[in-house]
Amino acid sequence: MGLFSRRKSALPQRDVIQGHTYEDAVLDTAVESASQGELKVALSALAECRAKPEVRALRVRVLAEKLVGRAESLVETAQTTDDPDTWLLAGSTFIEEAWAIRGHGWASSVGEDRFRMFFATLRKAIAPLHEAAEGLPQDAVPWAEMQRAALGLQADREELDAVWREITSRTQTLYPAYYTRLQILAKKWGGSHEEMLAFARLSVDAAPHGDPIAAMIPLAHFEVLLADQNELINNKHTIRAAMLPNTYFSKVRAEVDTAADKWMVAIPRPHPRALEAHNAFAAAYVLAVEPIQARAHLVAMRDHLHDLPWNYYIDYDKLRDEYLKAYGKFVLKAPKPAEMY
C-alpha cells in the first residue's frame with residue numbers, strides 16, 4: 001500500500017464546541033425556549049441581570065442571534081408592554097438581522113441591493129435601543145448595542161465618540177463594547193493602527209487585575225496582522241504574507257505577556273467572556289510558538305472554540321482541525337511545565 005494507502009487522521013479526537021463560548025445555564029434554557037417560539041424565559045433571563053452588564057450583554061447578543069427574523073414582532077410586543085428588556089432584545093435582533101443580510105465578508109463582496117437592505121435594517125435598531133436606554137438609564141448595554149449599529153451605519157466619528165461616552169459613563173470594563181470600540185479605531189474602519197493600539201493599551205492599563213479585557217491587546221494585534229497580511233497579498237508578496245503570522249507575534253510577545261499576566265496574575269474572577277479571552281491569547285501564543293503560554297490558554301479554553309481571532313488567519317472550514325493540531329502540539333505532546341498560569 002505504501003504511499004498510496006489512506007491513513008487515519010492523527011488529529012486528537014476531542015469534542016470541540018464552536019459557537020458557544022460561554023457557560024451560562026440560564027442562557028442555555030432561554031435559548032432553547034426562544035427556539036420553540038416562547039419569549040417569557042428569554043425576557044426573564046435579561047431582567048434578572050440588569051445589574052450585571054457583562055452577563056446582560058452576552059445574553060442579549062446570543063438571544064438576538066437565535067431570534068433573527070422576529071425583530072418586528074418583538075417591537076410589537078415592546079409597544080404593548082413598554083418593557084426595556086423587550087426593547088433591548090428587539091433592537092439587538094434588528095442588528096443581527098442586518099448582518100445576516102450583509103454577511104461578514106469584505107465590503108467589496110457585498111452588492112448594492114444588499115447594502116441598502118443592510119442599512120435599512122440597522123436603522124430600525126436605533127429607536128428600540130433608545131427606548132431601552134430611556135427605560136433603564138443606568139444600563140450600558142443598550143448603548144453598547146447602539147455602538148454596534150452606529151459602526152455598521154458608518155456614523156461619523158463625532159457620533160461614535162458620543163455613544164462611547166455614554167457607555168463609559170455607565171461602566172468601565174464592558175468587554176464587547178471595548179471590542180467594538182477597538183474595531184471603530186481600526187484601520188479598516190477608517191482609524192489607524194496607532195490609535196487602535198493606544199486604545200487597547202490604555203484600556204488594559206486602566207482595567208482591574210483579573211479582568212479579561214486584557215485580551216484587547218492580542219485582539220488589537222490581530223487587527224494589525226490582518227491589515228499587514230492583506231497588504232502583502234495585494235502586492236503579490238504571498239510567501240511573506242504566509243510567514244507573517246508567526247513572525248509578527250514573536251515580535252510583540254512581550255506586550256502580550258504583560259497583558260496576560262495582568263489578567264492571570266491571581267485567580268481571576270468569573271467572567272462571561274473568559275473563554276473568548278483565552279481563545280485570543282491561545283491563538284497569539286500558538287503563532288508565537290510559545291509552548292508554556294500556549295498550553296495554559298488552550299487548556300483553559302476547555303475545547304470551546306471561538307471564531308475570533310482564529311479565523312483571521314485560518315479558513316473557517318479548517319478551523320476545528322487547525323485548533324486540534326495546535327492542541328496536539330502544545331498540550332498533548334508538550335512536556336508539562338512546573339508552573340503555569
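The values are calculated or read from the model by the stated rules, or taken from the named source; none is laboratory data. Just so it is clear, the model here is predicted, and its values are computed rather than measured. With ideal geometry, Cβ positions are generated from the backbone for all residues, glycine too; neighbour counts draw on all protein chains shown. The protein model used for the area step is the full one, side chains on, heavy atoms only, and it has no ligands, DNA or RNA in it. Shrake-Rupley method; radii C 1.70, N 1.55, O 1.52, S 1.80 Å.
Results, tabulated for the structure shown:
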quantity: Residue match in the stretch 215-233 (condition: surrounded by fewer than 21 Cβ atoms within 10 Å (Cβ to Cβ), outside any helix (DSSP H, G or I), free of Cβ contacts under 8 Å to residues at least 24 places away in the same chain and out of contact with any helix residue (DSSP H, G or I) (no Cβ under 7 Å at 6 or more places or on another chain)); calculated: no
quantity: Residue list for the stretch 89-99, restricted to those being open to solvent by less than 10 Å² (accessible area, probe 1.4 Å) and closer than 11 Å to Leu63 by Cα; calculated: Leu89, Ala90, Ser92, Thr93
quantity: Scan of the stretch 70-116 for residues that are under 18 Å from Ala34 (Cα atoms) and either aliphatic (A, V, I, L, M) or at pLDDT below 95 (or both), ordered by number; calculated: Ala71, Leu74, Val75, Ala78, Leu88, Leu89, Ala90, Ile95
quantity: Val62 vs. criteria within 17 Å of the chain's Cα centre (by Cα), modelled with pLDDT of 95 or more, β-branched (Val, Ile, Thr) and part of a helix (DSSP H, G or I); calculated: yes
quantity: Residue list for the stretch 234-266, filter: open to solvent by less than 70 Å² (accessible area, probe 1.4 Å) and of a type in the set (Asp, Glu); calculated: Glu255, Asp257
quantity: Residue, farthest from Pro176 (Cα to Cα), within the stretch 192-214, restricted to residues that are open to solvent by 20 Å² or more (accessible area, probe 1.4 Å) and outside any helix (DSSP H, G or I); calculated: Ser192
quantity: Verdict on Ile292 being touching a residue at least 40 places away in the same chain (Cβ under 8 Å), open to solvent by 60 Å² or more (accessible area, probe 1.4 Å) and among the aliphatic types (A, V, I, L, M); calculated: yes
quantity: Boolean, Arg50 is in the same structural domain as His130 (by the TED database), within 22 Å of Ala144 (Cβ to Cβ), touching a residue at least 60 places away in the same chain (Cβ under 8 Å) and surrounded by fewer than 21 Cβ atoms within 10 Å (Cβ to Cβ); calculated: yes
quantity: Long-range neighbours under 6 Å by Cβ, at least six apart or interchain, first residue free of Cβ contacts under 8 Å to residues at least 40 places away in the same chain and polar (S, T, N, Q) within the stretch 240-265, second open to solvent by 70 Å² or more (accessible area, probe 1.4 Å) and not in a helix (DSSP H, G or I); calculated: none
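Each row is one residue, and each column tells you yes or no for (1) in contact with a Pro (Cβ under 9 Å, 6 or more places away or on another chain); (2) open to solvent by 40 Å² or more (accessible area, probe 1.4 Å); (3) of a type in the set (D, E, K, R).
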| residue | (1), (2), (3) |
| --- | --- |
| Arg114 | no, yes, yes |
| Gln172 | yes, yes, no |
| Tyr178 | no, no, no |
| Lys188 | no, yes, yes |
